[in-house]
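Novice: Once you've had a glance at the structure underneath, I'll fire off some questions.
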Amino acid sequence: MTYSSKSTVGSTRGVLWNLGLITLGSVLYAVAINGILIPQKFFGAGFAGVSLVIHYLVPSLPVAMLYFILNVPLYALGWMYVGRRFFLYSIAGVLIFSGVLACPTLLLPIHDKILSALLAGIITGVGSGIILRSLGSAGGLDILSIILFKRFSIRLGTSILAFNTFVLLAGAVLFSLEMALYTLIFLYVNSSMVNLVVTGLSQRKAAYIISPQWEEISREIMEKIQRGVTIIRGQGGYTGGEEQILYTVITFRELSRLKQMIRDIDPDAFVVVTDTLEVMGHRIGTQPHW
């Protein structure tokens, strides 16, 4: 009975946490659409951008209603390729986002179009990133982007930027090239912020270490930083001697500790540190569990 009670509480907290992330991200995104994009006649990103283009052509059609209708076909893909849990959270997400989008928002007092594009990109990018940190989405291109991320490791912001090219072309043809260029600034900032929020802040570093003191360095990494180490057998190209190459994956915050530790043991050690796109695995992994 006790175990079941704790499990229920944990499950309830998890649901509330994810719905809270979706709601917060939706509010931010809706504020940018109603407060910046619509007053400036920008086209927006993803299905929200398509909804804005249609709204500008037919002002009697609300953006929130258009967004909801456009999302209906995507849920079949979400069910088939992503999973039931994501599907259910995304249904809640599109309802929350459409509802928030239908609410009136105060206009943000920014008249310069470039500054408007920058601010809108920051707000919507953070909002999208927060939503994608949950176990669901707010619909739209989030679903397709996550499918591409899971199947082909294409970064979320990159795929969103590619999809939005079509929205830009349609806006340039139907309205003006100038508005399309302002929207391009907005989309670039948006995609950069999505990458930063979803993967950038938790990006891991991979380190290769070559040193005669490899045994001591390896032991220190495992004991003090508490990260795993893989020993790769190599051979010096010039000397022909056998080398032991240490390979480890750490967090960004642990990088300075690792470098100082290596300097204390062997100041002449050869160290290469690289960025990682994504890491799957216990404790050190970065891939979101969609």
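Novice: Gaussian network model of the chain, Cα springs within a sub-10 Å range: biggest mean-square fluctuation belongs to which of Leu19, Leu196, Leu169?
Specialist: Residue with maximal mean-square fluctuation among Leu19, Leu196, Leu169: Leu169.
Novice: Whose amide H sits under 5 Å from the amide H of Ile154, counting only residues 5 or more places off or on another chain, with H placed in the peptide plane?
Specialist: Phe149
Novice: What ³J(HN,Hα) values, in whole Hz, does the Karplus curve 6.51 cos²θ - 1.76 cosθ + 1.60 give for the stretch 110-122 when θ = phi - 60°, with x put for Gly and Pro?
Specialist: Karplus-based 3J(HN,Hα) across the stretch 110-122 equals 10, 9, 5, 5, 5, 5, 5, 5, 5, 5, 4, x, 5 Hz.
Novice: Rounded, prolate or oblate for the stretch 98-251? Axes are the square roots of the Cα gyration tensor eigenvalues, ordered a ≥ b ≥ c, and the cut-off for rounded is a/c under 1.5.
Specialist: Taking the square roots of the gyration eigenvalues as a ≥ b ≥ c, the stretch 98-251 is prolate.
Novice: Mind checking the dipole of the stretch 46-168: about its Cα centre, +1 per Lys or Arg Cβ, -1 per Asp or Glu Cβ, Debye to the nearest 20? Mind showing how you got there, number by number?
Specialist: Working: 7 positive and 2 negative charges, 86 e Å.
Computed charge dipole of the stretch 46-168: roughly 420 debye.
Novice: Further question: At 7 Å along Cα-to-Cβ for each site, give me the label-to-label distance between Trp17 and Gln203 in nm.
Specialist: Computed distance between label sites Trp17 and Gln203 equals 2.5 nm.
Novice: Explain nothing, just the number: dipole magnitude of the chain about its Cα centre with +1 on each Lys and Arg Cβ and -1 on each Asp and Glu Cβ, in debye rounded to the nearest 20. Can you show the working numbers first?
Specialist: On the way: 21 positive and 15 negative charges, 168 e Å.
That gives the chain a dipole magnitude of about 800 debye.
Novice: Lys224: which lysines have alpha carbons under 24 Å from its alpha carbon, excluding same-chain residues fewer than 8 sequence positions away?
Specialist: Reachable lysines: Lys205, Lys259.
Novice: Right, another one. When Tyr67, Tyr75 are ordered from fewest to most other Cβ atoms inside 10 Å of their Cβ, what list results?
Specialist: Tyr75, Tyr67
Novice: Further question on the same structure: Taking a ≥ b ≥ c as the square roots of the eigenvalues of the Cα gyration tensor of the stretch 204-275, is the shape rounded (a/c under 1.5), prolate (a/b larger than b/c) or oblate?
Specialist: The shape class here is prolate.
Novice: If you don't mind, another one. Mind checking which lysines have their Cα closer than 21 Å to the Cα of Lys113? Skip sequence neighbours fewer than 8 apart in that chain.
Specialist: In chain and number order, the partners are Lys41.
Readers should treat all values here as calculations from the given coordinates under stated rules, not as data from a laboratory. Keep in mind it's a predicted model, so treat the numbers as computed, not measured. For neighbour counting, all protein chains shown are included, and Cβ atoms are generated from backbone atoms with ideal geometry for every residue, glycine included.
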